[in-house]
Amino acid sequence: MAKNIPLVRRFVAGTVFEDVLPHQQKLADAGITTTINILGEDCRCEQQARAMCQIYLRAIAKIRTTDCYLSIKPTMIGLAHSSALASELLQTLIVAARARGVFIRLDMESSRYVDATLDLYAEAKRQYDQLGIVLQAYLHRTVADVERLQKIGAHIRLCKGAYKEPASVAFQDMHAIRKNYLKIAAILLKNFSNTAFATHDDELIKAIQACASPQQADFEFQMLFGMRRKTWYSIRARGYRMRVYIPYGDNWFPYFSRRVLERKENLFFVLRNLIKD
(Lines give C-alpha, C1' and ligand atoms only; values in the text may rest on other atoms or scores of the structure.)
Protein backbone atom coordinates (compact mmCIF):
# COMPACT_ATOMS: atom_id res chain seq x y z
CA MET A 1 0.00 0.00 0.00
CA ALA A 2 1.14 3.53 -0.79
CA LYS A 3 1.18 4.71 2.82
CA ASN A 4 3.83 2.08 3.66
CA ILE A 5 6.29 3.23 0.97
CA PRO A 6 7.95 6.55 1.92
CA LEU A 7 8.67 7.81 -1.61
CA VAL A 8 5.18 6.94 -2.84
CA ARG A 9 3.66 8.52 0.27
CA ARG A 10 5.18 11.81 -0.80
CA PHE A 11 3.17 11.79 -4.03
CA VAL A 12 0.01 9.91 -2.95
CA ALA A 13 -2.06 11.24 -0.04
CA GLY A 14 -3.29 7.83 1.10
CA THR A 15 -5.71 5.06 0.25
CA VAL A 16 -9.08 6.62 1.17
CA PHE A 17 -10.78 9.98 0.67
CA GLU A 18 -10.33 10.94 4.31
CA ASP A 19 -6.55 10.83 3.86
CA VAL A 20 -6.85 13.79 1.52
CA LEU A 21 -8.63 16.10 3.96
CA PRO A 22 -5.71 17.27 6.16
CA HIS A 23 -3.67 18.17 3.08
CA GLN A 24 -6.65 19.91 1.49
CA GLN A 25 -7.28 21.98 4.62
CA LYS A 26 -3.65 23.07 4.88
CA LEU A 27 -3.68 24.21 1.28
CA ALA A 28 -7.04 25.97 1.66
CA ASP A 29 -5.62 27.92 4.60
CA ALA A 30 -2.97 29.25 2.20
CA GLY A 31 -5.52 30.12 -0.49
CA ILE A 32 -4.62 27.12 -2.66
CA THR A 33 -7.40 25.04 -4.18
CA THR A 34 -7.35 21.32 -4.92
CA THR A 35 -8.46 18.61 -7.32
CA ILE A 36 -9.15 15.11 -6.06
CA ASN A 37 -7.68 12.35 -8.22
CA ILE A 38 -8.74 8.75 -7.52
CA LEU A 39 -5.99 6.45 -8.76
CA GLY A 40 -6.68 3.75 -11.31
CA GLU A 41 -7.33 3.27 -15.02
CA ASP A 42 -8.47 0.87 -17.74
CA CYS A 43 -11.62 -0.71 -16.35
CA ARG A 44 -12.16 -3.12 -19.25
CA CYS A 45 -15.42 -4.70 -18.17
CA GLU A 46 -18.78 -3.18 -17.38
CA GLN A 47 -18.84 -4.46 -13.82
CA GLN A 48 -15.53 -2.77 -12.97
CA ALA A 49 -16.60 0.51 -14.57
CA ARG A 50 -19.89 0.58 -12.66
CA ALA A 51 -18.06 -0.16 -9.42
CA MET A 52 -15.67 2.70 -10.14
CA CYS A 53 -18.58 5.01 -10.84
CA GLN A 54 -19.87 4.29 -7.33
CA ILE A 55 -16.49 5.25 -5.89
CA TYR A 56 -16.61 8.53 -7.79
CA LEU A 57 -20.16 9.14 -6.55
CA ARG A 58 -19.03 8.66 -2.96
CA ALA A 59 -16.19 11.11 -3.52
CA ILE A 60 -18.59 13.72 -4.93
CA ALA A 61 -20.80 13.30 -1.85
CA LYS A 62 -17.80 13.94 0.43
CA ILE A 63 -16.40 17.01 -1.32
CA ARG A 64 -16.97 19.94 1.01
CA THR A 65 -16.49 23.01 -1.18
CA THR A 66 -17.25 23.96 -4.78
CA ASP A 67 -13.63 25.06 -5.34
CA CYS A 68 -12.51 21.43 -4.94
CA TYR A 69 -12.61 19.67 -8.30
CA LEU A 70 -12.84 15.97 -9.12
CA SER A 71 -10.63 14.43 -11.80
CA ILE A 72 -12.10 11.48 -13.72
CA LYS A 73 -10.24 9.12 -16.05
CA PRO A 74 -12.57 8.10 -18.90
CA THR A 75 -11.21 4.55 -18.94
CA MET A 76 -12.19 4.20 -15.29
CA ILE A 77 -15.83 4.70 -16.25
CA GLY A 78 -15.70 2.28 -19.13
CA LEU A 79 -14.25 4.06 -22.17
CA ALA A 80 -11.90 1.14 -22.81
CA HIS A 81 -14.99 -1.10 -22.90
CA SER A 82 -17.40 1.11 -24.87
CA SER A 83 -18.13 4.78 -25.48
CA ALA A 84 -21.80 4.16 -24.69
CA LEU A 85 -20.98 2.87 -21.21
CA ALA A 86 -18.64 5.77 -20.48
CA SER A 87 -21.29 8.25 -21.63
CA GLU A 88 -23.94 6.65 -19.44
CA LEU A 89 -21.76 6.65 -16.33
CA LEU A 90 -20.51 10.18 -16.94
CA GLN A 91 -24.13 11.35 -17.08
CA THR A 92 -24.71 9.66 -13.72
CA LEU A 93 -21.74 11.53 -12.26
CA ILE A 94 -22.89 14.82 -13.77
CA VAL A 95 -26.27 14.51 -12.06
CA ALA A 96 -24.54 14.09 -8.70
CA ALA A 97 -22.00 16.84 -9.41
CA ARG A 98 -24.69 19.31 -10.46
CA ALA A 99 -26.59 18.76 -7.22
CA ARG A 100 -23.49 19.69 -5.21
CA GLY A 101 -21.93 22.23 -7.56
CA VAL A 102 -18.80 20.14 -8.13
CA PHE A 103 -16.58 20.82 -11.15
CA ILE A 104 -15.48 17.65 -12.98
CA ARG A 105 -12.28 17.42 -15.02
CA LEU A 106 -12.07 14.65 -17.62
CA ASP A 107 -8.47 13.49 -17.70
CA MET A 108 -6.66 12.66 -20.93
CA GLU A 109 -4.95 9.30 -21.21
CA SER A 110 -2.88 7.69 -23.95
CA SER A 111 -3.25 8.83 -27.56
CA ARG A 112 -5.51 5.94 -28.56
CA TYR A 113 -8.26 7.40 -26.36
CA VAL A 114 -8.02 11.06 -27.43
CA ASP A 115 -10.77 11.06 -30.06
CA ALA A 116 -13.18 9.07 -27.90
CA THR A 117 -12.46 11.31 -24.89
CA LEU A 118 -13.04 14.50 -26.87
CA ASP A 119 -16.32 13.11 -28.22
CA LEU A 120 -17.38 12.13 -24.70
CA TYR A 121 -16.53 15.61 -23.43
CA ALA A 122 -18.30 17.47 -26.23
CA GLU A 123 -21.48 15.48 -25.66
CA ALA A 124 -21.45 15.94 -21.88
CA LYS A 125 -20.47 19.62 -21.99
CA ARG A 126 -23.84 20.40 -23.55
CA GLN A 127 -25.53 19.12 -20.39
CA TYR A 128 -23.12 20.46 -17.76
CA ASP A 129 -20.93 23.53 -18.11
CA GLN A 130 -18.84 22.78 -15.01
CA LEU A 131 -16.91 20.18 -16.95
CA GLY A 132 -13.30 20.44 -18.05
CA ILE A 133 -10.92 18.50 -20.25
CA VAL A 134 -7.15 17.91 -20.32
CA LEU A 135 -4.94 18.41 -23.37
CA GLN A 136 -1.36 17.22 -23.74
CA ALA A 137 1.14 19.58 -25.35
CA TYR A 138 3.45 16.83 -26.56
CA LEU A 139 0.90 15.46 -29.02
CA HIS A 140 1.23 16.77 -32.58
CA ARG A 141 -2.55 17.02 -32.89
CA THR A 142 -3.24 19.26 -29.89
CA VAL A 143 -3.31 22.64 -31.64
CA ALA A 144 -6.04 21.32 -33.93
CA ASP A 145 -7.91 19.93 -30.91
CA VAL A 146 -7.82 23.37 -29.30
CA GLU A 147 -9.51 24.86 -32.35
CA ARG A 148 -12.27 22.26 -32.11
CA LEU A 149 -12.76 22.82 -28.38
CA GLN A 150 -12.96 26.59 -28.75
CA LYS A 151 -16.27 26.16 -30.56
CA ILE A 152 -17.88 24.59 -27.47
CA GLY A 153 -16.38 26.90 -24.84
CA ALA A 154 -14.22 24.19 -23.30
CA HIS A 155 -12.47 24.55 -19.95
CA ILE A 156 -8.98 23.26 -20.67
CA ARG A 157 -6.17 22.00 -18.48
CA LEU A 158 -2.91 21.98 -20.42
CA CYS A 159 -0.10 19.62 -19.42
CA LYS A 160 3.01 18.35 -21.19
CA GLY A 161 1.89 14.71 -21.28
CA ALA A 162 3.05 11.69 -19.31
CA TYR A 163 2.38 8.63 -21.49
CA LYS A 164 4.97 6.99 -23.70
CA GLU A 165 4.07 7.79 -27.32
CA PRO A 166 5.89 7.20 -30.63
CA ALA A 167 7.51 10.04 -32.56
CA SER A 168 4.76 9.84 -35.17
CA VAL A 169 2.25 10.88 -32.50
CA ALA A 170 4.17 13.05 -30.03
CA PHE A 171 7.18 15.34 -29.81
CA GLN A 172 10.10 13.53 -28.17
CA ASP A 173 12.43 16.47 -27.54
CA MET A 174 11.77 18.58 -24.45
CA HIS A 175 12.57 21.80 -26.29
CA ALA A 176 9.92 20.99 -28.90
CA ILE A 177 7.40 20.08 -26.19
CA ARG A 178 7.99 23.37 -24.37
CA LYS A 179 7.67 25.30 -27.63
CA ASN A 180 4.34 23.65 -28.42
CA TYR A 181 3.14 24.11 -24.84
CA LEU A 182 3.74 27.86 -25.04
CA LYS A 183 2.15 28.08 -28.49
CA ILE A 184 -1.00 26.45 -27.11
CA ALA A 185 -0.85 28.52 -23.91
CA ALA A 186 -0.91 31.75 -25.93
CA ILE A 187 -4.05 30.57 -27.75
CA LEU A 188 -5.72 29.59 -24.48
CA LEU A 189 -4.94 32.88 -22.75
CA LYS A 190 -6.40 34.83 -25.66
CA ASN A 191 -9.49 32.77 -26.44
CA PHE A 192 -10.50 30.63 -23.43
CA SER A 193 -11.70 31.11 -19.87
CA ASN A 194 -11.15 29.00 -16.77
CA THR A 195 -7.89 27.66 -18.21
CA ALA A 196 -5.37 25.68 -16.16
CA PHE A 197 -1.65 25.45 -16.84
CA ALA A 198 -0.37 22.25 -15.28
CA THR A 199 3.42 22.34 -15.11
CA HIS A 200 6.36 22.15 -12.72
CA ASP A 201 8.68 23.64 -15.33
CA ASP A 202 10.14 27.02 -14.31
CA GLU A 203 10.71 27.99 -17.93
CA LEU A 204 7.02 27.55 -18.75
CA ILE A 205 5.82 29.19 -15.56
CA LYS A 206 7.95 32.28 -16.14
CA ALA A 207 6.89 32.55 -19.79
CA ILE A 208 3.18 32.37 -18.88
CA GLN A 209 3.61 34.92 -16.11
CA ALA A 210 5.39 37.22 -18.56
CA CYS A 211 2.31 37.43 -20.78
CA ALA A 212 -0.48 37.21 -18.19
CA SER A 213 -0.83 39.16 -14.96
CA PRO A 214 -2.31 37.87 -11.69
CA GLN A 215 -5.27 40.15 -12.38
CA GLN A 216 -6.21 37.99 -15.35
CA ALA A 217 -8.40 35.87 -13.10
CA ASP A 218 -9.59 33.33 -15.65
CA PHE A 219 -6.56 31.01 -15.47
CA GLU A 220 -4.60 29.17 -12.81
CA PHE A 221 -1.40 27.22 -12.33
CA GLN A 222 -1.59 23.59 -11.27
CA MET A 223 0.92 21.16 -9.80
CA LEU A 224 0.89 17.62 -8.47
CA PHE A 225 0.86 16.73 -4.80
CA GLY A 226 4.41 16.19 -3.56
CA MET A 227 6.05 18.13 -6.38
CA ARG A 228 7.62 21.55 -5.72
CA ARG A 229 5.71 22.37 -2.56
CA LYS A 230 7.54 25.64 -1.93
CA THR A 231 6.64 26.78 -5.44
CA TRP A 232 2.90 26.30 -4.75
CA TYR A 233 3.08 28.90 -2.04
CA SER A 234 5.37 31.30 -3.89
CA ILE A 235 3.10 31.33 -6.95
CA ARG A 236 0.09 31.98 -4.74
CA ALA A 237 1.98 34.72 -2.86
CA ARG A 238 2.55 36.50 -6.17
CA GLY A 239 -1.21 36.69 -6.62
CA TYR A 240 -1.75 33.88 -9.10
CA ARG A 241 -4.38 31.20 -8.61
CA MET A 242 -2.84 27.89 -7.65
CA ARG A 243 -4.36 24.39 -7.55
CA VAL A 244 -2.81 21.11 -6.40
CA TYR A 245 -3.88 17.68 -7.68
CA ILE A 246 -4.12 15.28 -4.74
CA PRO A 247 -4.25 11.56 -5.64
CA TYR A 248 -5.38 8.76 -3.38
CA GLY A 249 -6.11 5.05 -3.71
CA ASP A 250 -4.43 1.66 -3.76
CA ASN A 251 -3.74 1.56 -7.50
CA TRP A 252 -0.78 3.93 -7.31
CA PHE A 253 1.89 2.21 -9.40
CA PRO A 254 0.81 3.30 -12.94
CA TYR A 255 0.50 6.93 -11.75
CA PHE A 256 3.81 6.84 -9.90
CA SER A 257 5.74 5.11 -12.67
CA ARG A 258 4.57 7.48 -15.41
CA ARG A 259 5.56 10.55 -13.45
CA VAL A 260 8.75 9.32 -11.82
CA LEU A 261 10.13 6.13 -13.36
CA GLU A 262 9.41 6.04 -17.10
CA ARG A 263 11.12 9.25 -18.17
CA LYS A 264 14.68 9.93 -17.06
CA GLU A 265 14.11 13.71 -17.09
CA ASN A 266 11.17 13.26 -14.70
CA LEU A 267 13.25 11.09 -12.39
CA PHE A 268 16.07 13.64 -12.31
CA PHE A 269 13.54 16.41 -11.75
CA VAL A 270 11.96 14.58 -8.82
CA LEU A 271 15.31 13.81 -7.22
CA ARG A 272 16.43 17.43 -7.51
CA ASN A 273 13.21 18.68 -5.96
CA LEU A 274 13.27 16.16 -3.15
CA ILE A 275 16.52 17.81 -2.11
CA LYS A 276 15.10 21.34 -2.57
CA ASP A 277 11.99 20.65 -0.49
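The values are calculated or read from the model by the stated rules, or taken from the named source; none is laboratory data. Note that the structure is predicted; figures quoted are calculated from it, not measured. Reconstructed Cβ throughout: ideal geometry from the backbone, glycine too, with neighbour counts over all protein chains shown. In case anyone asks, the SASA skips ligands and DNA or RNA and just uses the protein heavy atoms, side chains included. Shrake-Rupley method; radii C 1.70, N 1.55, O 1.52, S 1.80 Å.
General observations
- Among the protein heavy atoms of the chain, carbon and sulfur supply 54% of the accessible surface, probe 1.4 Å, non-protein parts ignored.
- Helix-only [θ]222 nm of the chain, DSSP H runs n ≥ 4, -39500 (n - 2.57) each, per residue, nearest 500: -14000 deg cm²/dmol
- Expressed as a fraction of 2.2 N^0.38 Å, the value expected for a compact globular protein of N residues, the C-alpha radius of gyration of the chain is 0.94.
- Here the mean projected area of the convex hull built on the C-alpha positions of the range 123-222 is 6.5 nm².
- For the pair D202 and V169, a Förster radius of 22 Å applied to the C-beta separation gives a FRET efficiency near 0.25, rounded to the nearest 0.05.
- Peptides 57-64, 32-39 ordered by average Cβ neighbours within 10 Å, highest first: 32-39, 57-64
- Net charge dipole, the range 106-227: roughly 240 debye, given to the nearest 20, about the Cα centre with Cβ charges of +1 for Lys and Arg and -1 for Asp and Glu.
- Computed about its Cα centre, the charge dipole of the chain is approximately 700 debye, with only Lys, Arg, Asp and Glu carrying charge at their Cβ.
- Straightening the chain between D29 and T66 buys 11.8 nm, computed as 0.36 nm per residue apart minus the Cα-Cα spacing.
- Percent of Cα pairs exceeding the 26 Å cut-off, where the set is the range 1-121: 23 percent
- Report note on the peptides 237-249, 139-151: ranked by the mean count of other C-beta atoms within 10 Å, highest first, their order is 237-249, 139-151.
- For the set C211, C159, C68, C45, solvent exposure ranked by accessible area (probe 1.4 Å, protein chains only) runs largest to smallest as C211, C45, C159, C68.
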